[in-house]
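Peer 1: Got a structure here, written out as structure tokens. Questions coming.
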Amino acid sequence: MATTWNEVTEGMEIPALKKNCSTQQLVQWAAGSGDFYQIHYDKDFAMGTGLPGIIVHGALKHAFLGQLLHDWVGNTGRIKRFGCSYRGMDYPAKDIVCRGVVKRKYEEGGEKLVDLEVWTEDFEGKKTTPGFATVRLP
Amino acid sequence: MTEATAVPLITDEMRAQIGKESEPWTLEVDKTAVRMFARSVGHTDPVYYDEAAAKAAGYRSLPCPPGYLGTPIFDPRTSDATFGGRRGGGPGPQPSRPLKRVLNGGTEIEMLEDICAGDVLTATSHLAALEERAGSLGEMLISTNKTVYKNQHGRVVAIVTGTGIRY
């Protein structure tokens, strides 16, 4: 069910999206995004660069936040902008939970808009990917 | 801050790169690539997979899932083997002290118009800003790049701001 602007209140949390990347998913992402950097699927290579092991692509976490927002606004709304900072690493086979909170609801240029704070949390609840978004709702 | 950091990392040659527009490159948006991207993220909305569902939802064809802005045309003569984009023309001007490590600092995408399978995008990028900062990683050089995507009608459909950190 797509969300409508009238239903939104500032401070409300949007439905969370839980992820847990298999290494298979990271390989799929490599192909889907075109980023074949080996630290995301080759454990020996990753450890050779000083990492504890394979890490999840930052851009995949950005795309997860995109899915969080898309699933909330549906196809009658639109994501106008969304961004995040890569502050902490995430690993395959560990939970990544995407969350969002409505910060501001307003009208501008004839559009019904909502600003959100969005982020991903790692398996210890740390915000590894803090971000923001603006969406348009019907 | 210590005396050793008194000489800026950012040189005049580096600053001269700010605002210089790259050569344009072409990105194709096709149904196979949209599905592959959506599948790799784990999208469940049928609009990314089923063209009839996409059209019923008002799109021209499968829409780009958030974060997907087409696939650069791969050509082994000119493309980077790991990242698929055009190979850079060398490392460019370097900071006054060597920095060994690189991190992707962040991504912001502004979406101005729907992008759907069948669209052909042209992108150009430029270095928008350089900044140096002392942080948890020590001396950091933060560069901001902006890439502007236009569709086949010449309209700007997306703007991506990427932050790179060298330390």
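Peer 1: Sort A:Thr120, A:Thr9, A:Thr49 from largest to smallest accessible area, using a 1.4 Å probe on the heavy atoms of the protein chains. Working shown, then result.
Peer 2: Values: A:Thr120 0, A:Thr9 80, A:Thr49 50 Å².
The ordering from most to least exposed comes out as A:Thr9, A:Thr49, A:Thr120.
Peer 1: Right, next: Which loop-located GluC sites (Glu not before Pro) does segment A:80-138 contain, where loop means any DSSP state but H, G, I, E or B and the Cβ has at most 13 other Cβ atoms within 10 Å? Intermediate results must be reported in sequence, preceding the final value.
Peer 2: Working: sites: A:Glu107, A:Glu108, A:Glu111, A:Glu117, A:Glu121, A:Glu124; in loops: A:Glu124.
Answer by residue number: A:Glu124.
Peer 1: When the helices in the protein assembly as shown are scored as -39500 (n - 2.57) per DSSP H run of 4 or longer and the sum is shared across all residues, what 222 nm value do you end up with, to the nearest 500 deg cm²/dmol?
Peer 2: When only DSSP H runs of four or more count, the value is -5000 deg cm²/dmol.
Peer 1: Can you flag which of A:Lys43/A:Lys80; A:Lys18/A:Lys43; A:Lys105/B:Lys20; A:Lys80/B:Lys146; A:Lys43/A:Lys127; B:Lys100/B:Lys150 are past 27 Å Cα-Cα? Let's see the in-between values first.
Peer 2: Values: A:Lys43/A:Lys80 37 Å; A:Lys18/A:Lys43 24 Å; A:Lys105/B:Lys20 37 Å; A:Lys80/B:Lys146 17 Å; A:Lys43/A:Lys127 24 Å; B:Lys100/B:Lys150 34 Å.
In this structure, A:Lys43/A:Lys80; A:Lys105/B:Lys20; B:Lys100/B:Lys150 lie more than 27 Å apart at Cα.
Peer 1: On C-alpha positions alone, give me the angle between the axis of helix A:23-33 and the longest principal axis of chain A, in degrees, nearest 10.
Peer 2: Here the helix axis deviates by roughly 60 degrees.
Peer 1: Count, for each residue of B:45-57, the Cβ atoms from other chains sitting within 10 Å of its Cβ, then give me the mean as a whole number.
Peer 2: The mean count of partner-chain Cβ atoms within 10 Å per residue comes to 1.
Peer 1: Using DSSP to call loops (not H, G, I, E or B), can you name the trypsin sites (Lys or Arg not before Pro) in segment B:66-109 whose Cβ has at most 13 other Cβ atoms within 10 angstrom? Let's see the in-between values first.
Peer 2: On the way: sites: B:Arg77, B:Arg86, B:Arg87, B:Lys100, B:Arg101; in loops: B:Arg77, B:Arg87, B:Lys100, B:Arg101.
Here the trypsin sites (Lys or Arg not before Pro) that fit, given the DSSP loop and packing criteria, are B:Arg77, B:Arg87, B:Lys100, B:Arg101.
Peer 1: With a cap of 10 neighbouring Cβ atoms within 10 Å, and only residues DSSP puts in a loop, list the GluC sites (Glu not before Pro) found in segment B:92-151. Intermediate values should be presented prior to the final figure.
Peer 2: On the way: sites: B:Glu108, B:Glu110, B:Glu113, B:Glu131, B:Glu132, B:Glu139; in loops: B:Glu113.
For GluC sites (Glu not before Pro) across segment B:92-151 that sit outside H, G, I, E and B with at most 10 neighbouring Cβ atoms in 10 Å, the list is empty.
Peer 1: Against the longest alpha carbon principal axis of chain A, how many degrees, from 0 to 90 and to the nearest 10, is the axis of helix A:58-73 turned?
Peer 2: For helix A:58-73, the angle is close to 30 degrees.
Peer 1: Projected area of segment B:9-166, taken from the Cα convex hull and averaged over every viewing direction, in nm²? Show your work: numbers first, answer last.
Peer 2: Numbers: hull surface 42.8 nm².
Average projection, Cα convex hull of segment B:9-166: 10.7 nm².
Peer 1: Additional query: Quick check: Cα centre of segment A:51-119 to Cα centre of segment A:18-42, how many Å?
Peer 2: 18 Å
Peer 1: Taking the Cα atoms only, what angle lies between the long axis of helix B:31-41 and the longest principal axis of chain B, rounded to 10 degrees?
Peer 2: It is inclined by approximately 60 degrees.
Peer 1: Further question on the same structure: With the contact rule set at Cα under 8 Å and sequence spacing of 6 or more, what percent relative contact order holds for chain B? Show your work: numbers first, answer last.
Peer 2: Numbers: 316 pairs, mean separation 46.4, N = 167.
Relative contact order for chain B comes out at 28 percent.
Peer 1: Then there is this: Once you put a point 7 Å from the Cα of B:Lys20 and another 7 Å from the Cα of B:Arg97, both along the Cβ direction, what distance in nm separates them?
Peer 2: Once both label points are built, they end up 2.5 nm from each other.
Peer 1: Given N residues in chain A, what is Rg(Cα) / (2.2 N^0.38 Å)? Intermediate results must be reported in sequence, preceding the final value.
Peer 2: Numbers: Rg = 16.4 Å, N = 138, 2.2 N^0.38 = 14.3 Å.
With N residues counted in chain A, Rg over 2.2 N^0.38 Å equals 1.15.
Peer 1: Distance from the Cα centre of segment B:50-71 to that of segment B:8-36, in angstrom?
Peer 2: 25 Å
The values are calculated or read from the model by the stated rules, or taken from the named source; none is laboratory data. Since the model is a prediction, treat every value here as computed from it, not as a measurement. Ideal geometry is used to build each Cβ from the backbone, glycine not excepted, and the neighbour counts take in all protein chains shown. Calculation scope for accessible area: heavy atoms of the full protein, side chains included, ligands and nucleic acids excluded. Shrake-Rupley method; radii C 1.70, N 1.55, O 1.52, S 1.80 Å.
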